[in-house]
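Right, one structure below, let's go through it.
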Amino acid sequence: MIFEKTKQALQGLFPQSEKTPVTALPPAQEDAAESKKTPKKEEPRPDGVVERDYKVHGYHLDAQVSPAQLLEAVSLLDKAEFFIESITGVDWIKEDQMEVIYDFNRYDFDLCRVVIRTRVPRSNPVVPTITDIYAGANWHERETHDFFGIKFDGHPHLIPLLLPEDADYHPLCKDFKV
């Protein structure tokens, strides 16, 4: 089954996690009064692969990778005959990070949707382009650059797609002011 093959291939990016793979954990069973006293600050999750419930999340595998691992992760999905559905960004302003999210799917009937995520500092939002692997990523990366200011290093034509050519703003950044 493609799900297991893809999961194993992505886990191969994280040798230390193969023995104890990262999986979605049930919410902690804490006393309600205790959790009100000391609210926990949620940290960004560590790099690794998480299985998700398709009925809840809309995808099966969720891989958090470093920008240095991005091209290898995307190449694994290309070799497994996945196609790119979309690329978008998320501004994690409180964590001072930007996240790029890549959604992949397959054309056959072996349903397996995969999300690849990578985070970079807001002060230097640069990730490698995947256009050499998926030419169709070209306009997705341009749109993400327009709206979030994330640069795709090596992109062949990273000019505005939807915003005016002279736009010096990124309207989906959380600190954007009209």
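Only the coordinates and a few stated rules stand behind these numbers; no lab work does. Given the structure is predicted, the values throughout are model-derived calculations rather than measurements. Using ideal geometry, Cβ is built from the backbone for each residue, glycine included, and neighbour counts are taken over all protein chains shown.
Choose one answer from H140, H60, H157: the residue with the largest mean-square fluctuation in a GNM of the chain with alpha-carbon springs under 10 Å.
Residue with maximal mean-square fluctuation among H140, H60, H157: H157.
How many percent of DSSP beta bridges within the stretch 66-169 run antiparallel, rounded to 5?
85 percent
If you filter the stretch 117-166 for GluC sites (Glu not before Pro), then keep DSSP loop positions with at most 12 other Cβ within 10 Å, what is left? Write down the numbers at each step before the final one.
Working: sites: E141, E143, E165; in loops: E165.
Answer in residue order: E165.
Can you list the chymotrypsin sites (Phe, Trp or Tyr not before Pro) in the stretch 81-132 that are in a DSSP coil and have 10 or fewer other beta carbons within 10 angstrom?
For chymotrypsin sites (Phe, Trp or Tyr not before Pro) across the stretch 81-132 that sit outside H, G, I, E and B with at most 10 neighbouring Cβ atoms in 10 Å, the list reads Y107, F109.
Restricting to the stretch 54-124, compute how many DSSP beta bridges are antiparallel as a %, nearest 5.
Around 75 percent of the beta bridges assigned by DSSP in the stretch 54-124 are antiparallel ones.
5 Å is the cut-off here: which amide hydrogens, built 1.01 Å from N in the peptide plane, fall below it relative to S86, excluding neighbours closer than 5 in sequence?
Close amide H contacts, sequence-distant or interchain: D103.
Listing M98, M1 from the residue with the fewest other Cβ atoms within 10 Å to the one with the most, what is the order?
M1, M98
First check a/c for the stretch 54-105, with a ≥ b ≥ c the square roots of the eigenvalues of its C-alpha gyration tensor; if it is under 1.5, answer rounded, and if not, answer prolate when a/b is larger than b/c or oblate otherwise.
Because a/c hits 1.5 or more and a/b fails to exceed b/c, the stretch 54-105 counts as oblate.
Out of Q64, Q16, Q97, any idea which swings most in a Gaussian network model of the chain, alpha carbons joined below 10 Å?
In the Gaussian network model the winner is Q16.
Note the listed values (1) -0.36, -0.63, -1.03; (2) -0.46, -0.71, -0.98; (3) -0.40, -0.62, -0.89, then indicate which one is log10 I(q)/I(0) by the Debye sum over Cα atoms at q = 0.09, 0.12, 0.16 Å⁻¹ calculated from this particular structure.
(1)
Report for the chain the percent antiparallel among DSSP-assigned beta bridges with both residues inside it, nearest 5.
Percent antiparallel among DSSP bridges in the chain is about 70.
What longest region of the chain stays clear of trypsin sites (Lys or Arg not before Pro) that DSSP places outside H, G, I, E and B and that have at most 16 other Cβ atoms within 10 Å?
42-173
Given a cut-off of under 8 Å on Cα pairs at least six residues apart, what relative contact order in percent is computed for the chain?
Working: 283 pairs, mean separation 30.6, N = 178.
Reported as a whole number, the value is 17 percent.
Given the pairs K5/K151; K79/K151; K55/K151, which are separated by over 29 angstrom at their Cα positions?
K5/K151; K55/K151
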